[in-house]
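Structure, as structure tokens:
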Amino acid sequence: MTQPDAATPAGSTGAARPQQGAGGVELLAGRSAEVGGLTLQRLLPQRGRRSIGAWCFADHAGPVALGADAAGMQVPPHPHIGLQTFTWMICGEVLHRDSLGHRQVIRPGELNLMTAGRGIAHAEQSVAGSGALHAAQLWIALPAAQRAVEPRFDHHAELPRWREAGVECTLLAGECGGLRAPTRVYSPLLALELRSPGGGRIRLPADRGFEYGAMLLEGRVEVQGTPLTGRQLACLGAARDRIELQLEAGARVLLLGGEPLGEQLLMWWNFVGREREEITEARRQWEAGSPRFGEVPGFGGHRLPAPPLPWRV
Ligand code: MN
């Protein structure tokens with residue numbers, strides 16, 4: 001569902017000065033963005049924080065109720081390179097279609113992972129009558145050496161889940177507590193959803209080489225004693241041994257982590273690259289209808305045109 005605005009290059013958010021919370025937590029304000037007819041909260045990238053590990057883009061869509069005849073989210077075919085799109089569904093149903101021929105409805109508790117690599121196109125649409133939409137969609141930057149891998153699409157309905165101290169944990173990417181998610185990623189990463197129907201406090205082991213961030217999805221949560229709102233990203237630097245989260249009844253939070261990227265990304269529109277030339281060329285090929293991206297069958301509408309480049313070619 002990601003359809004970043006044209007102003008994505010190198011930190012174009014109007015984010016306010018970060019707020020320092022307790023326990024070394026930095027709170028960064030997100031901003032509103034419009035994607036496929038819906039307004040959502042964009043938490044990454046920000047001027048003060050480009051990425052958390054390889055997580056380089058983070059949107060929180062909804063929760064929003066959709067009337068019986070509401071179109072919901074409708075994102076026409078558009079291209080990606082150099083990244084993986086990571087869609088975690090909390091409520092509602094979205095149909096994914098891509099230029100490799102995949103057609104997959106994603107439902108609550110399921111994860112879609114699309115590896116764009118050298119190039120793919122996809123479309124995403126709310127399923128008619130699905131009633132609501134609540135989802136997190138993120139991008140994972142592919143390391144430079146793997147940025148042109150073969151594109152692929154994976155759907156994960158089964159993920160490692162456990163319950164601890166009143167908190168229901170679902171491992172979406174990486175490893176935690178001796179469990180490993182089936183998700184195919186290209187750098188050391190973590191994505192862990194925590195949900196607590198009755199409230200709970202959990203202490204998680206942290207990887208000292210990872211930086212971490214927390215996105216609030218529902219309810220009230222404290223990260224290291226710092227309360228988080230839905231419009232903020234809580235960032236935790238590296239070199240910690242554990243992370244403590246307090247969830248009130250009904251709360252849900254997504255914990256992200258990863259080894260600092262150590263690479264300067266160039267993000268523009270739906271592309272993640274390193275140099276202007278590769279972005280310029282991807283845009284040219286999309287506009288020319290090149291087989292690099294292919295066609296998304298069955299959408300029955302227009303495809304998204306690329307906006308003008310912000311540099312001279
Ligand atoms: Mn997309």
### Query
Does Gly82 satisfy the criteria of being within 27 Å of Arg283 (Cβ to Cβ) and in contact with a Lys or Arg (Cβ under 6 Å, 6 or more places away or on another chain)?
yes
#### Entry: Counted residues, region 85-101 - those being over 18 Å from Gly131 (Cβ atoms) and either more than 16 Å from the ligand (Cβ to nearest atom) or touching a Cys at 6+ places or on another chain (Cβ under 8 Å) (or both)
1
### Message
Against the definition (part of a strand (DSSP E or B), in contact (Cβ under 8 Å) with a residue 12 or more places away in the chain, within 15 Å of the ligand (Cβ to nearest atom) and within 17 Å of the chain's Cα centre (by Cα)), how does Gln104 come out, yes or no?
### Response
no
### Query
For region 275-313, how many residues are over 26 Å from Arg103 (Cβ atoms) and either among the acidic types (Asp, Glu) or within 23 Å of the chain's Cα centre (by Cα) (or both)?
7
## Note on the structure
Subset of region 107-135, residues assigned to a strand (DSSP E or B), more than 14 Å from the ligand (Cβ to nearest atom) and among the polar types (S, T, N, Q), comes to Ser126
### Task
Being touching an Asp or Glu at 6+ places or on another chain (Cβ under 8 Å) and at pLDDT 95 or above is the filter here, so list the residues in region 55-78 that pass it.
Pro77
### Query
Quick check: is even one residue across region 179-190 farther than 19 Å from Ala136 by Cβ and assigned to a strand (DSSP E or B)?
yes
### Query
List, please: which pairs have Cβ atoms under 6 Å, are six or more places apart or on different chains, and start with a residue in region 170-183 that is at pLDDT 95 or above and end with one that is surrounded by fewer than 15 Cβ atoms within 10 Å (Cβ to Cβ) and not aliphatic (A, V, I, L, M)?
Thr170/Arg161
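Where in region 212-283 are there strands (runs of 3 or more DSSP E), lying fully within it, with 1 or more residues that are within 26 Å of Ser187 (Cα to Cα) and modelled with pLDDT of 95 or more?
Output list reads 221-223, 232-236, 242-247, 251-258, 266-268, 271-273.
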### Task
Could you check Glu211 against (1) buried (at least 17 other Cβ atoms within 10 Å of the Cβ); (2) in contact with a Ser or Thr (Cβ under 7 Å, 6 or more places away or on another chain) and say which number it fails?
(2)
### Task
Output the number of the condition that Leu159 fails; it satisfies all remaining conditions of (1) over 18 Å from Ala58 (Cβ atoms); (2) assigned to a strand (DSSP E or B); (3) at pLDDT 95 or above; (4) not aromatic (Phe, Trp, Tyr).
(2)
### Query
Does Arg283 qualify as being of a type outside the set (A, V, I, L, M, F, W, C), within 16 Å of the ligand (Cβ to nearest atom), over 30 Å from Pro227 (Cα atoms) and in contact (Cβ under 8 Å) with a residue 12 or more places away in the chain?
yes
#### Entry: Identity of the residue in region 190-202, within 22 Å of Ala238 (Cβ to Cβ) and in contact with an Asp or Glu (Cβ under 8 Å, 6 or more places away or on another chain), that ends up surrounded by the most Cβ atoms within 10 Å (Cβ to Cβ)
Leu190
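The values are calculated or read from the model by the stated rules, or taken from the named source; none is laboratory data. Everything quoted here is computed from the prediction, not taken from an experiment. Neighbour counts are summed over all protein chains in view; Cβ atoms, including those assigned to glycine, are modelled from backbone coordinates with ideal geometry.
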